[in-house]
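Written below as structure tokens is the structure these notes are about.
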Amino acid sequence: MIPLSWYLILAAALFCIGLYGVLGRRNAVAILMGIELMLNAVNINLVAFWRYLTPALIAGQAFAIIVFAVAASEAAVGLALIISIYRQRSTVIAEEIDLMKW
Amino acid sequence: MITDPFTFVGDLLREFLIGLGLTPPQASGVIAFLGAGALATAVLLLCFLLIWAERKILARIQDRIGPNRVGPFGLLQTVADFAKLLTKEVVVPSGADKLLYYLAPPLAVMAVVGLWAVIPLAPNLVGTDVNVALIYLISIGAIGTLAIMLAGWSSNNKYALLGAFRSVAMLISYEVPMVLALLVPTMLAGSMGTVAIVEAQRQMWFVVLAPLAAILFFTSSMAEAGKAPFDLLEAESEIVAGYNIEYSSMAFGMFFVGDFLHGFTLSALTVTLFFGGWLGPYVDQYSWLGLIYFLAKTAVVYFVVIWIRGSLPRLRIDQVNSFNWKFLVPLALSVVVVTAVADKSAAALGWDRTLALFVANGLLLLGTVIALQLYARSQRRRFERSRPAAAPAPAR
Amino acid sequence: MTLLQGVFVVTALAAVISAVMVVASPRLVHAALWLVVTLGAVAVLFILLDAGFLAMVQVVIYIGAIAILIIFTVMLTRRVMADSGPQANRAWWLAVFIGIVMFAALLALLAQMPTWWQATPPPLAASADFMIEDLGKSLVDLDRYVVPFEVASVLLLAALIGSIVLARPPAETTGKTGPE
Amino acid sequence: MSDQWLFIALILPLALFMASVPIGLSRLIGPRKSNPAKDAAYECGIETVGDTWVQFKVQYYIFALVFVVFDVEAVFLFPWAVAYEQLQLYAVLEGILFILILAAGLLYAWRKGNLEWI
């Protein structure tokens, strides 16, 4: 059978790739995609722990579903923000959106 | 006398494979592979018949004869068309994203054939009885949406992309009432599995318990399948084409196949969820009867689909969207709420469940009609008020 | 290696490679499509974890909804496509460094847990049907997750209203959103 | 539970393959003569003007947005619907409350005119 650690390693890898996407990309939409990757990694962890450690409790699945709702809301609002910024400033490059920087 | 040929054949095959020296799990794997291959082939071959039937029936509705040259009754017309398409050149537009361009049509077909995996064809004859079949249907539909997006984007054509956007906007819009309507059979059967849903209809078909949900599901899946009157993405007579404008030859043919199959598939789904699937008299004694019942019911519903296509004019895009968001979605939400409340209160008060649900649906329908009437009246009043100011009568 | 392990390895490789493509591909539409591949691979993992419902939800919500939303946004902000300058910012090497350190730290943490390296999944206490039923009950159970359930509804409402307000073109510039 | 998914794991690639075969065949059988005019993007008789990347109405995005929210709602309601038979009245009412809260969102979008196709 598949050991629990395999899932955890994969989730860690996805999380770190997502983290790179968030920190290293210039485009705001790409940053959001990085966030989605990170949320997915979290979900893998939640479900894997549920399956291997507490299969009798439904908590892991319930958590994962809430994460889905949060991810959907986050994507909706984040992308709407990007569209709104794009309309006013014609850019979606995160570095150029520095109105509140100083 | 073999009463259940499907199980019989399956067991025979299993014993044969184990006799060949396979372990039981391996034998199951091989049987699943053969079953999947047989199902996919059957569904795709069915397409030849479906296209002929649709053309023939449409022709009769429009007082024409329809295909009548190739083969008896023109039955081989589709085969001829297939052969013709096969010998045409696949023109890939310049600047197209080749891989995605070629991936999109098979993906569209896959999204339809995949639906058949969870449709019970007869007792003990179902691709797989997953317990989340209904949500599987939705997720496969999502892949179909993605295929359209891919087709539109990869063709590197303005109009293809525009068409894809319109299609996707419509598909996702109509997914909302469809999903909400699917909640009702789930509630009534207490399961998301299609086999369980068919079994739960032994007492009474769900179309009696939830007529509005059935109509909602049927309507919105007509839109999902892009059938008239919701075929504005295709609109052969008005705009060039939709997302598939840059496709030619068999690459286009596959979109066509997916489209036609979708009409039949939505009929099969409607039958499974609301018209008792394979249920019918003597089906417990002779399970092969189930397949016949299922196909017969599906054929009837499919005929209704073509009938509607032949009768109703195409909607405009703003009408399509308003119809969905301002009519179907609110109605679907009320249907879910009303069904939940009516069923619980019927159980609490000891009323007959069938009667209670039917009456509740009837009352909801009445309310809807009254609301529509009020709306239409207010629109008319507004129109009459604005008319004299807006357009002074021209002197003739 | 058993068959299931093979399936896992293939899926995991697909997930990681496509995830790398998501953060590396210069064209945003390609990145979004690679994201779809990653999300699909994660759905397969959920099936391996006996969470079929979540796998389907993953496809419906992530691929069917969020990915579509992302592609729509990419198209709406398409002028970005024209300036195909560097896609990574100046501090990208720092981001790589942080990512690797984070991964190493997580692995080190995992190494502290020897039992997790051999753990095999315990048999499921209940049938798959019962699991969904239980999930449904737990979501409306006053002692369990009814508060997150209702709060999720409010969150979705807030997201809907908030993003409509944000995305809606200001009334006077409605004409400037360009041809359809 | 994984063996239930075996069939789906088999039929999806099979269908993909079967649908690719005719396309491959027609590439083999069909002629392959390309010229720039044929390969050019389809237009109504004139050369394509401008980029393929036309910009789109924000309306598409707003529909997608409402769809996402209702999709997530449905996903929450499916387990509730499965468990429906065993639920007490108050639990059913909680599910209905969930629906009504989101219906308020739809009503908002409607009242603000965001469901109109401009």
Simple label model, 7 Å out from Cα along Cβ direction - residue C:102 to residue B:94, nm: 4.4
25 °C / 0.890 mPa s Stokes-Einstein diffusion coefficient of the protein assembly as shown, Kirkwood radius on C-alpha pairs, µm²/s: 88
Percent of Cα-Cα distances greater than 22 Å, calculated over chain C: 68
Out of A:22, A:70, A:42, any idea which swings most in a Gaussian network model of chain A, alpha carbons joined below 10 Å? A:70
Please give the per residue volume of the convex hull enclosing the alpha carbon atoms of segment B:75-150, rounded to a whole number of Å³. 125
Quick one: among B:89, B:384, B:175, which has the greatest mean-square fluctuation in a GNM of chain B with alpha-carbon springs under 10 angstrom? B:384
As a check on your grasp of the helix formula, calculate [θ] at 222 nm for chain B: sum -39500 (n - 2.57) over DSSP H runs of n ≥ 4, divide by the residue count, round to the nearest 500. -23500 deg cm²/dmol
Mean residue ellipticity at 222 nm from the helices of chain A, using -39,500 (n - 2.57) per DSSP H segment of n ≥ 4 over the full residue count, to the nearest 500 deg cm²/dmol? -27000 deg cm²/dmol
With Cα springs under 10 Å, the Gaussian network model of chain B assigns the largest mean-square fluctuation among B:282, B:174, B:243 to B:282
May I ask you to give the average projected area over all directions of the convex hull of the Cα atoms of chain A, in nm² rounded to one decimal? 7.6
Convert each backbone phi in segment B:87-104 into a coupling constant with the Karplus relation 6.51 cos²θ - 1.76 cosθ + 1.60 (shift: θ = phi - 60°), then list the ³J(HN,Hα) values in order as whole Hz, x for Gly and Pro. 8, 8, 7, 7, 8, 9, x, 5, x, 6, 8, 3, 4, 5, 4, 7, 6, 4
On average, how much area does the Cα convex hull of chain B cover when viewed from any direction, in nm²? 27.3
For segment B:14-87, what Kirkwood radius comes out of the mean inverse Cα-Cα distance, in Å? 15.1
Label residue B:352 and residue B:87 with points 7 Å out from Cα along Cα→Cβ: what is the distance between them in nm? 6.4
Residues meeting the amide H criterion for residue A:25 (H placed from the backbone, H to H distance under 5 Å, 5 or more places apart or on another chain) are C:89
To the nearest whole number, what is the average tally of beta carbon atoms from other chains within 10 Å of the beta carbons of peptide B:170-178? 5
Between residue B:370 and residue B:303, 0.36 nm times their residue separation minus their Cα-Cα distance comes to what? 21.1 nm
Ascending count of other beta-carbon atoms within 10 Å, so fewest first, for B:54, B:199, D:73: B:199, B:54, D:73
Over 31 Å between Cα atoms, which of D:33/D:57; B:98/D:57; B:227/B:344 qualify? D:33/D:57; B:227/B:344
Label-point gap, in nm, between residue A:59 and residue B:124 - each point 7 angstrom along Cα→Cβ: 4.5
Rounded to the nearest 20 debye, dipole of chain C from Cβ charges on Lys, Arg, Asp, Glu: 800
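All of the numbers you see were taken from the coordinates with simple rules; none came from a lab. Model, not experiment: these values are computed from the prediction. Heads up, the Cβs are rebuilt from the backbone with ideal geometry, glycines too, and the neighbour counts pull from every protein chain shown.
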